[in-house]
Structure formats: structure tokens, C-alpha cells
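A short write-up of the structure that comes next.
The values are calculated or read from the model by the stated rules, or taken from the named source; none is laboratory data. Everything numeric here is computed off the predicted structure, so don't read it as measured data. Note that we place each Cβ from the backbone using ideal geometry, even for glycine, and neighbour counts take in every protein chain shown. In case anyone asks, the SASA skips ligands and DNA or RNA and just uses the protein heavy atoms, side chains included. Shrake-Rupley method; radii C 1.70, N 1.55, O 1.52, S 1.80 Å.
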Amino acid sequence: MELLQKLTQTPSVPGREDRIREVIQEVITEKNLFDEIRTDAMGSLIAVRRPRPKSGSPAEKPVKVMLAAHMDQIGFLVSHVSSEGYLRVNPVGGFDTRNLFARRVRVCTSDGDLPGVMNPAGKPVHIASAEEKKNVPEITEFFIDLSLDGEQVNKQVKIGDMVVLDGPFSDVGDSVVSQCLDNRVGCWAVIRAIEALEHHDCEIHAAWTVQEEVGLRGAMPAAYDIQPDIGLSCDTTLSCKLPGVPEEQHITIPGNGVCLKIMDSSTIADLKLLEELEAIAKANDIPCQRGILPRGGQDGAMIQKSRSGVRTAVFACPVKYIHTVTEMSHKTDLDSYPRLLTAYLSQL
């Protein structure tokens, strides 16, 4: 889990993915997992691994597989710095503002990261009226307090600086808990899968994509560049086996293995490809489950719709409390994710 911890603690919001890209590139270079590594114009990191057949020569035109894992996390960009030093922010990604009260944050400036606290404007509970306590603030009402004087803040913080929620990575029972498991889990799973891969006849193009959280923006140009025969989106999904959620809305069950997503708002997976993956999981005793997400999307949509169309499946790790600072993933689901990726790529 050390690599996953490092990935979750590296801030990178949409359009500001430099830091996480640097970490991933350093890891895959050090481990010598790929034959080529490049960064495209959007900022996505693309690594190519040529066929490594168990015997004989590789095919003249091997099957080309694209693995896409978005490396951005939900966060904010500074939109205003007041004369007193308070920051206002613009979200990049979807937040439920009920989860933003009294949160520690990191403001990432060119001179280094500054710790801060995020709160909504208004009275504290001791002096608020009963009616005021019922109010759920809009995102525009939140501000960040760096506890520095206004002049100092205005010198250090610029409009457009990145802000992320600040939470630790920890073990909790049978799970790990951290900020931005969505989608550092997918980034981690691709690395782990390739690490375990010895022989394969396919050509693998791993793309750690940018700006997924604001409209799947990085995956489309990457898919057009790679021109894959098969696309595998590597992401996360909801796990809602929780008090107050009806059974039919659980989406996935923690501990039942990686989810092979049937559909979401953006993608309907290729059924034959999904069934192939299920057969491989069964043959290798790898737990997996199906899931349908009523709303939400992921990079598979852009791969699937590129050029004249691409057969696409979606891997998704079940995550409780998604898009919060306490996202939770069961260790069985984490373990099964790269195992199934490796098993599938091994037989191509």
C-alpha cells in the first residue's frame, strides 16, 4: 500500500496534474515497466509496452490495448484573494458542500504548499439562529483561512493556484481510507498489473489521463493518438451498502471484488468483452462483481467513441464515501483489481 499512499498524498487537480504525473513517471521508469514514455499536449502520461511473447516472435500487427486511468482529483482553484488574506475558490470536480465544513486544505503555490482551513462564511453554532443552522451553503460561500496576514497571502497566493482537501492515508479494519482514492486506485492498479505481467502478445498503451473530473477531457485525444483495438477504463465506482441506502441502490458490495461496470451515464460496456473478463476471473479464482451506476461517467466513454468505435470495458474499484476526504476501499477489492488486469492482458 506504500505506492497507493504516495499517490493519494500527491495533490493534482484537473489542469494541474504535473505533480502526480512526475510521481507515476518516476515509478514506472525506475521499475523499467515500459519501452516508451511520453506526455501528450494535454498532459496525459502515455507509456507503451511492446509484446513479450512466451515463445516465438510477436505478431506483425499485435492487438493494441489502451488502459486509461485518470490521475486528477477533485479540488479547487483560487478565484479571489481578499485584502485580509481570505481565499475564495472555484471547484474543479463535483462536491457535496455538506462534506466541506471545517476541512483542512492545502493551497499549492509556486513557493510551496500552505496549510489552511475551509469553512463557510457565517456565524458559528454558538451564536447562529435555529434557521441559520439549517442552511446548507453554496460552494461560493466557502472561504479558506491560512492564518497569515493579508499582505503575506497576497504575495504568495495567485489566482489559479491549486487547492486540495488534506486528509491522511490509513488502515481502517479491512479497508484503506484516504482522500482521492478516486482515482489514484486506478493509477495504482495499472502500475501493479504491469509489474506482475511477464508474457503477453498484445501491445499495451497505458494512459494516465488528465481532466477526467471536469468532463473526461484528456482521454479523447489520448485515444485518437493511440488508436486502440480494445479499451479498458480503470477507475472507481460507488459502494453504498450503508445505513439509509436501499439494497437496490448499493451499486457494489465491499469485499466482493473489483467491479466490471455494465453501464453508467457515459458508457455501456461491450458485453462480450465483459463476459471474457468474467470467465478469466472465474478461471483464476479472482473475485469480481457487476455494477450499474445510474449517474456518472469515466474515460471509457471517450475511448469507446473515438474514431469508428472501440470495444471497451470498465474496471472500477468499489469506494464508500466517494468524493470526500474519507474515501474507503476494501482490501479484497483492491487486491482483485490488478490481478484481473494482469490475467486478462496475459492471455491476449
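For the range 74-124, taking the residues that are within 23 Å of the chain's Cα centre (by Cα) and hydroxyl-bearing (S, T, Y), the one that is modelled with the lowest pLDDT is identified as T97. In the condition set (1) under 17 Å from D182 (Cα atoms); (2) open to solvent by 10 Å² or more (accessible area, probe 1.4 Å); (3) free of Cβ contacts under 8 Å to residues at least 60 places away in the same chain; (4) in contact with a Lys or Arg (Cβ under 8 Å, 6 or more places away or on another chain), M328 is compliant with all but (3).
Evaluated against (1) within 20 Å of T29 (Cβ to Cβ); (2) touching a strand residue (DSSP E or B) at 6+ places or on another chain (Cβ under 9 Å); (3) part of a helix (DSSP H, G or I), H205 falls short on exactly one condition, (3).
Here is a list: P228, P243. Which entry is modelled with pLDDT of 95 or more, assigned to a loop (DSSP other than H, G, I, E, B) and closer than 14 Å to L67 by Cα?
Of the residues listed, the single one that is modelled with pLDDT of 95 or more, assigned to a loop (DSSP other than H, G, I, E, B) and closer than 14 Å to L67 by Cα is P228.
For the range 321-348, residues that are assigned to a strand (DSSP E or B) and more than 14 Å from the chain's Cα centre (by Cα) total 1.
Among the residues of the range 40-51, those identified as open to solvent by less than 70 Å² (accessible area, probe 1.4 Å), more than 20 Å from the chain's Cα centre (by Cα) and not hydrophobic (A, V, I, L, M, F, W, C) are R49, P51.
Of all the residues that make up the range 285-313, how many are more than 18 Å from H250 (Cβ to Cβ), among the hydrophobic types (A, V, I, L, M, F, W, C) and either within 17 Å of the chain's Cα centre (by Cα) or outside any loop (DSSP other than H, G, I, E, B) (or both)?
Of the residues in the range 285-313, 4 are more than 18 Å from H250 (Cβ to Cβ), among the hydrophobic types (A, V, I, L, M, F, W, C) and either within 17 Å of the chain's Cα centre (by Cα) or outside any loop (DSSP other than H, G, I, E, B) (or both).
Note on the range 245-260: residues that are among the polar types (S, T, N, Q), under 16 Å from P294 (Cα atoms) and open to solvent by 30 Å² or more (accessible area, probe 1.4 Å) total 1.
Could you go through the range 83-91 and let me know if any residue there is in contact (Cβ under 8 Å) with a residue 60 or more places away in the chain, in contact with a strand residue (DSSP E or B) (Cβ under 6 Å, 6 or more places away or on another chain) and crowded, with 21+ Cβ neighbours inside 10 Å. Checking the range 83-91: at least one residue is in contact (Cβ under 8 Å) with a residue 60 or more places away in the chain, in contact with a strand residue (DSSP E or B) (Cβ under 6 Å, 6 or more places away or on another chain) and crowded, with 21+ Cβ neighbours inside 10 Å. Across the range 229-244, not a single residue is classified as open to solvent by less than 40 Å² (accessible area, probe 1.4 Å), of a type in the set (D, E), within 21 Å of the chain's Cα centre (by Cα) and more than 19 Å from P11 (Cα to Cα). Tallying residues that are more than 23 Å from V48 (Cα to Cα) and among the acidic types (D, E) within the range 1-26 yields 1. From the list I20, I37, I28, the lone residue that is open to solvent by 40 Å² or more (accessible area, probe 1.4 Å) and closer than 29 Å to A193 by Cα is I37.
I'd like to know if the range 276-284 contains one or more residues that are within 21 Å of the chain's Cα centre (by Cα), under 21 Å from L348 (Cβ atoms) and either surrounded by fewer than 22 Cβ atoms within 10 Å (Cβ to Cβ) or modelled with pLDDT of 95 or more (or both).
There is no residue in the range 276-284 that is within 21 Å of the chain's Cα centre (by Cα), under 21 Å from L348 (Cβ atoms) and either surrounded by fewer than 22 Cβ atoms within 10 Å (Cβ to Cβ) or modelled with pLDDT of 95 or more (or both).
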